[in-house]
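Read-outs throughout are calculated quantities, based only on the coordinates presented, and are distinct from any laboratory measurement. Since this is a predicted model, take the numbers as computed values, not measurements. Cβ: placed from backbone, ideal geometry, glycine included. Neighbour counts: every protein chain shown.
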Amino acid sequence: MTVKTILFVCTGNTCRSIMAEAIAKQYLAQSKQGKPEIQVISAGTAAIPDEPASEHAQTVLSLFGMNLQGHKARSVRPELIQEADLILVMTQRHKEHILRLVPDAEDKVYLIKEYARENEQQSEKNNEDIIDPFGLPLEYYQACAEELRVFVNKAVDRLLTDIK
């Protein structure tokens, strides 16, 4: 069976994308479906290499039983983009950055909400970004993590359906 790779992308790879990666890994581990091999990774468009996950991101995800302690930020590179089967980004600017690096990745890069809502009514079409909690109080990280849980789980479900 071929391994599929999901790449989550945000700006610094210390908040949103690493939270999305951890949420996706936990969801896949708990999934009752016959699971294909899926690798989940993350990167940032302006990441400082080897930065740890933000303290608030670590705190919030620990409440969900996830540990981000060993995380080291990395920058999104053309090789990561080319190797990924699905790239889920937090904002339109992240999508534009990916497409500047690898223009032919257009068929596999989506805003996370866009991909998760593909088969639903697009009632919130103009609110597709995942807001960046970086530097904000803990409650913003909690809200971000809750939003990510909803959309990451829907996105993973869609991917699992699409590859069966």
Q. Quick one: length gained pulling LEU136 to GLN39 fully straight, 0.36 nm per residue minus the C-alpha distance?
A. 31.9 nm
Q. List the GluC sites (Glu not before Pro) in the range 127-164 that DSSP assigns to loop (not H, G, I, E or B) and whose Cβ has at most 14 other Cβ atoms within 10 Å. Which are they?
A. none
Q) If Lys and Arg each add +1 and Asp and Glu each add -1, what is the summed charge of the other residues whose beta carbon sits under 13 Å from the beta carbon of MET66? A) +1
Q: Based on alpha-carbon positions alone, could you give the equivalent ellipsoid semi-axes of the chain from the gyration tensor, as √(5λ), descending, whole Å?
A: 21, 19, 17
(Q) Could you tell me how many cubic angstrom of Cα convex hull volume the range 35-74 has per residue? (A) 93 Å³
Q | Dipole magnitude of the range 4-162, debye to nearest 20 (Cβ charges: Lys/Arg +1, Asp/Glu -1, about Cα centre) | A | 260 debye
Q) Considering the range 70-164, what Rg and Dmax in Å follow from its alpha-carbon atoms? A) 14.2, 41
